[in-house]
Amino acid sequence: DVTIKQRSVGLNADITDTTTVKQYYIGNVYYYPETKSYEIFDSLIGKPFPIVAERRNFTVYEKSGAFHYKTLREYTYFKRGSLYNEDEFYRTLNNLGSIGAWQQVDGRPTFRGDSVDIHIFLIPALRQGYSFDFETSRNTGDFLGSNLLGVALNASYRHRNVARRAIQMNTFLRNGVELGLGNANNTTGNFLQTLQSSFGLTFYFPRFITPFNVKSRNKFDGTRTFFNIGAVYTDRREFYRLRSFNAGW
């Protein structure tokens, strides 16, 4: 009888034959956080940059200094001298891409001896965005003889790289009015029936921010901390006036 088996060659396998599997260790780590969409990644390796920030375990090549290096390191799951692990390599790329500050993230390993240098290329997303919406509504009914026309204007603003730390900020402002169109049972006689204004501001921090230390932070993917505040003011003429405020962490 002949039995053919495939031997496990994972990190936990007992590798005794060095000619079968060669292990590589992380050498230098290079970041390119301001890569243009039209640039060829391989051509950037070894190319001079206006800003070169060299740290103990990595190097950042930049053109305008738009990103702080700490954001890059917080989402990198390997360091110089550690055993190269392909899962950690792709995990780093996926998590950097999930932040939202970059529209595309890619990596290139280059080998020299028993070391592998990692080059991470990041194409920034559009840093700021605006939007404006105009809404209208018509409400009719027998209850209180309602015959109302609503008009509202919404404005929103988004920033994807606040304080150079890849912090995202979303803010919106909404103002609307409701007009009475010849209501037979309109006892107030007001043409302006309702006035409403609302405001909201949200920050998305790409990390844990807690008053206590969180152990093994690198075991979590896609970590976020949210901070938001909002306010709403509604004035229903001759009926009620409502003010509300909320905040969350």
Next on the checklist: Just to be sure I understand the model, the point goes 7 Å from the Cα along the line to the Cβ. What's the resulting ARG108 to PHE227 distance in nm?
Outcome noted: 3.9
Checklist outcome for this item: Rounded to the nearest 500, the 222 nm mean residue ellipticity computed for the chain from DSSP H runs (n ≥ 4, each -39500 (n - 2.57)) alone is -2500 deg cm²/dmol
Item to check | 11 Å beta-carbon shell around GLN193, net charge (K/R +1, D/E -1) | outcome: -1
Checklist entry - If the cut-off is 27 Å between C-alpha atoms, which lysines fall inside it for LYS79, apart from same-chain ones fewer than 8 positions away? => result LYS22, LYS36, LYS47, LYS63, LYS70, LYS215, LYS219
Checklist outcome for this item: Taking every DSSP bridge whose two residues both lie in the chain, the antiparallel percent to the nearest 5 is 90
Checklist outcome for this item: To the nearest 0.05, the calculated FRET efficiency linking PHE205 and PHE245 through their beta-carbon distance, R0 being 22 Å, is 0.50
Checklist entry - To the nearest 0.05, what FRET efficiency results for ALA163 and ARG138 with a Förster distance of 41 Å applied to their C-beta separation? => result 0.40
Item to check | Gained length - PHE220 relative to ILE40, 0.36 nm times residue gap less alpha-carbon distance | outcome: 61.6 nm
Checklist outcome for this item: Taking R0 as 41 Å and r as the Cβ-Cβ distance between THR171 and GLN6, the FRET efficiency 1/(1 + (r/R0)^6), rounded to the nearest 0.05, comes to 0.15
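We did not get these values from a lab; they are worked out from the coordinates using the rules stated. What you see is a predicted model, and the numbers here were worked out from it, not measured in a lab. Neighbour counts are summed over all protein chains in view; Cβ atoms, including those assigned to glycine, are modelled from backbone coordinates with ideal geometry.
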